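Take a look at the structure set out below.
Throughout, read-outs are computed from the coordinates displayed, never taken from laboratory work. Please read these numbers as outputs of a predicted model, since none were measured by experiment. Here the Cβ positions follow ideal geometry from the backbone for every residue, glycine too, while neighbour counts run over all protein chains shown.
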Amino acid sequence: MRKKVIFKGVALPLLLLAPQLAITCVFFLWPAGAAIWQSVLQQDAWGLRTEFVGLRNFEEVLVDPAWREAAWNTLVFSAAVATSAMAVALFLAVQADKSIRGANLYKTLLIWPYAVAPAVAAVLWLFLFHPSIGLIGRALNQAGILWDYKLNGGQAMLLVIIASAWKQVSYNFIFFLAGLQSIPRSVLEAAAIDGARPTRRFWTVVFPLLSPTTFFLLVVNLVYAFFDTFGVIHALTGGGPGKATETLIYKVYVEGVQNTNLGSSAAQSVILMVLVIAMTVVQFRFIERRVHY
Amino acid sequence: MASLELTGIQKAFGATQVLHGIDLAVAEGEMIVIVGASGCGKSTLLRIVAGLETPSQGSVRIAGREVTGLEPADRDIAMVFQNYALYPHMSVFQNMAYGLKIRGTPKAEITRRVGEAAELLGIAALLERRPRQLSGGQRQRVAMGRAIVRQPKLFLFDEPLSNLDAKLRVQMRAEIRRLQRRLGVTSLFVTHDQTEAMTLGDRLVVMHAGHAAQVATPMEIWARPADTYVAGFIGSPAMNFLEGVLVEGGRAVLLRAGPVLHFADGPRAGPDGQRLIIGIRPEHMRRDPEAGLGLALDLVEPLGSETVLHGRLPGGEALTAKLHGAVPAAGGALRLAIPAAELHVFDAASGRRLDAGP
């Protein structure tokens with residue numbers, strides 16, 4: 001039975017909703033509206049003249065080879081971050097789900113990276129992979145492997161992927177562990193009695209039963225890689241070398257803040273906004289349908 | 001050759017000893033019911049047979065083969081779980097076929113065997129459904145089907161009926177029994193329900209605090225319980241226990257409630273004055289308006305064809321009697337006789353049954 005409280009009038013309900021509405025308005029609707037408005041305008045370099053240009057900013061962005069390159073970078077980066085963060089987290093969660101000594105300590109330690117700020121995470125990985133002061137970076141160079149992410153675009157991409165994925169592993173780990181723990185033990189025992197070895201059991205019973213969790217995490221991880229990795233990239237490579245690690249969100253920053261091309265920057269952020277809305281819609285649509293037990 | 005042989009099975013979880021050395025030999029095709037209150041170790045014993053737990057000591061042999069250290073997969077057994085443990089993401093057909101598929105059975109053979117089992121259980125129309133679209137009774141049948149398609153050496157049942165409603169439980173109970181007879185597969189069935197145990201088992205293992213208190217046929221357990229625990233556990237309403245002492249050179253007992261009863265089947269070995277517990281089943285009590293013991297009634301339960309009476313004897317001991325027909329409980333008292341032929345005699349110190357000496 002659902003209990004519905006019915007208010008007389010609108011003043012009290014509005015007052016109760018006000019804090020949330022205010023936050024949504026000030027921090028989302030207003031800037032989003034401003035971005036949409038800005039995206040159809042063009043300013044001169046000194047900000048003296050503003051002119052309405054319709055969809056021209058969008059046209060320019062979509063045909064710009066630099067933007068397309070950033071889109072490709074984003075695709076590679078997001079796919080790599082999402083798959084590696086999820087694969088590692090799933091592996092760790094499966095290990096933690098077994099009854100092992102010190103499981104609680106292990107779980108606590110695994111959750112820590114989530115509490116680390118993006119910039120701090122970046123510095124941490126920088127200390128490991130810096131070619132001259134980093135532990136691993138120096139070791140690699142001494143071992144004869146030329147490692148310098150400041151010169152090699154591929155290596156830079158690898159580094160930002162590792163650092164971004166590392167930060168997301170904790171989050172995925174918690175969800176996977178909860179998912180694993182919600183699978184009834186007796187179902188796994190039934191599979192064992194049916195003759196399935198652990199590996200087979202994992203792929204035919206555990207993994208399919210985790211699919212709602214996996215799908216949810218896939219969307220969350222893609223959104224994370226698309227939008228929340230600015231800090232890591234900014235602190236580690238600044239989008240470089242060249243534009244090797246410049247993702248769409250980073251390009252919005254470069255375009256708007258460094259190049260002060262506000263119209264183009266706004267158009268790009270509107271495109272990203274449409275993307276994230278689309279992803280959220282897909283997530284909600286699918287999650288409702290894909291839960292099969 | 002025994003189909004299942006347990007020797008000295010012990011199990012401890014940390015410092016807690018749950019099983020204290022269980023021995024059991026089960027013949028080919030026999031249905032053994034392990035019955036006991038919760039926490040007596042019956043499920044642990046079943047899980048040890050399944051290979052889901054390892055015994056701290058002792059060995060398990062299935063069809064003459066030592067399986068103690070083997071994985072469940074290598075034991076050639078099938079198990080029906082209390083919550084059915086169906087694979088929620090698979091159809092009924094896939095659920096039943098899973099074990100065969102893993103063993104690499106050819107597709108045509110799988111289809112044939114699943115079809116046969118589904119026919120046998122009356123679930124042929126449900127093969128494409130998912131478990132969540134089934135009722136409790138149907139899930140139960142699918143779980144049974146999954147067990148029988150594999151044609152294992154041993155069936156294990158872990159309280160499979162306890163999640164069903166009362167009517168369905170009685171129906172499934174009979175069905176399981178019929179099926180087991182028909183397939184002739186050796187079975188181990190765990191339950192806490194004594195009616196289930198009595199009706200299903202060729203033999204029962206009554207478990208108490210990690211020991212097998214008695215292993216015998218249902219009728220033997222009812223007629224000659226090995227100790228006071230078994231005597232009180234099997235039978236409904238439960239057996240009455242009265243205190244007494246051995247008198248007349250072992251030929252009679254002096255009850256605390258008053259009368260001296262002479263044993264119908266001969267004297268017990270033991271010194272006069274030895275403390276005894278006398279068991280008498282409620283259904284064996286007789287009305288005796290002249291010579292009977294006075295029972296002060298405090299509860300009368302009419303069940304139609306019979307009446308269950310709860311009351312206290314003059315000494316204050318509680319007593320239950322089940323009498324045929326309606327009983328006029330006038331004045332709240334009744335005189336009852338204890339037939340000497342129906343007595344169960346136990347030693348008060350050990351709780352063990354004392355039989356008439358040779």
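Around the amide H of B:V205, modelled in the peptide plane, lie the amide H atoms of B:V33, B:I34, B:V35, all under 5 Å away and 5 or more residues distant in sequence or on another chain. By the count of other C-beta atoms within 10 Å, a proxy for reagent exposure, A:F27, B:F81, B:F189 are ordered fewest to most as A:F27, B:F81, B:F189. Step through the table entries B:K42/B:K101; B:K11/B:K42; A:K150/A:K243; A:K98/B:K11; A:K107/B:K11; A:K107/B:K42, compare each Cα-Cα distance with 23 Å, and write down the pairs that go over it. From the list (B:K42/B:K101; B:K11/B:K42; A:K150/A:K243; A:K98/B:K11; A:K107/B:K11; A:K107/B:K42), the Cα-Cα distance tops 23 Å for B:K42/B:K101; A:K107/B:K11; A:K107/B:K42.
Assigning unit charges at the beta carbon (Lys, Arg +1; Asp, Glu -1) and nothing else, what dipole magnitude in debye, to the nearest 20, does segment A:55-292 show about its Cα centre?
On the way: 17 positive and 12 negative charges, 155 e Å.
The calculation lands at about 740 debye.
For the protein assembly as shown, DSSP calls about 75 percent of its internal beta bridges antiparallel.
Across segment A:75-138, Cα-Cα pairs farther apart than 18 Å form 58% of the total. For the protein assembly as shown, the normalised intensity computed at q = 0.08, 0.09, 0.11 Å⁻¹ comes to -0.84, -0.94, -1.13 (log10 of I(q)/I(0), Debye sum over alpha carbons, equal scatterers, no solvent).
In debye, nearest 20, what is the charge dipole magnitude of chain B about its Cα centre with +1 on Lys and Arg Cβ and -1 on Asp and Glu Cβ, if you could check? Present the calculation step by step, with values, prior to reporting the outcome.
Values: 40 positive and 36 negative charges, 271 e Å.
The calculation lands at about 1300 debye.
Please compute the length gained on full extension between A:I133 and A:L105, using 0.36 nm multiplied by the number of residues separating them and subtracting their Cα-Cα distance.
Working: separation 28, 0.36 × 28 = 10.08 nm, distance 3.11 nm.
Contour length minus Cα-Cα distance gives 7.0 nm.
In a fully extended conformation the segment linking A:W72 and A:T280 would gain 72.8 nm over its present Cα-Cα distance, using 0.36 nm per residue. The relative contact order of chain B comes to 15 percent, based on Cα pairs under 8 Å that sit 6 or more residues apart. Label positions at B:D288 and B:A27, each projected 7 Å from the Cα along the C-beta direction, are separated by 4.0 nm.
Between B:A37, B:T105, A:Y106, the Cα set farthest toward the positive side of the dipole of the protein assembly as shown (charges on each charged residue's Cβ, about the Cα centre) is that of B:T105.
When +1 charges are put on Lys and Arg Cβ atoms and -1 charges on Asp and Glu Cβ atoms, the dipole computed for segment B:34-91 relative to its Cα centre reaches about 160 debye.
Net charge near B:P237, counting Lys/Arg +1 and Asp/Glu -1 over other residues with Cβ under 13 Å of its Cβ? Computed value for this residue: -1.
Cβ crowding within 10 Å, taken as a proxy for footprinting-reagent exposure, orders A:S264, B:S56, A:S84 from fewest neighbours to most as B:S56, A:S84, A:S264. Put simply, the amide H of A:G238, placed in the peptide plane, has no neighbours under 5 Å, leaving out anything fewer than 5 places away on its chain. Given R0 = 22 Å, the distance between the Cβ atoms of A:L55 and A:M273 translates into a calculated FRET efficiency of 0.90. Note on B:E283, B:E71, B:E128: ascending count of other Cβ atoms within 10 Å places them as B:E128, B:E71, B:E283, the fewest first. Across the options B:H344, B:T7, B:G357, the greatest Cα extent toward the positive end of the charge dipole of chain B (unit charges at beta carbon of Lys, Arg, Asp, Glu) belongs to B:T7. What is the helix-to-structure angle for B:92-102, meaning the angle in degrees between its Cα long axis and the longest Cα principal axis of chain B, kept from 0 to 90 and rounded to the nearest 10? Helix B:92-102 sits roughly 70 degrees off the main axis of chain B.
Using a 10 Å Cβ count of at most 16 others and DSSP loop calls, identify the longest part of chain B lacking such trypsin sites (Lys or Arg not before Pro).
Working: sites that count: B:R103, B:R129, B:R251, B:R256.
Answer from the scan: B:130-250.
Compared with the dominant Cα axis of chain B, that is its longest principal axis, helix B:107-121 is turned about 30°. Modelled this way, with points 7 Å down the Cα-to-C-beta line, the labels at A:L21 and B:A296 are 7.4 nm from one another.
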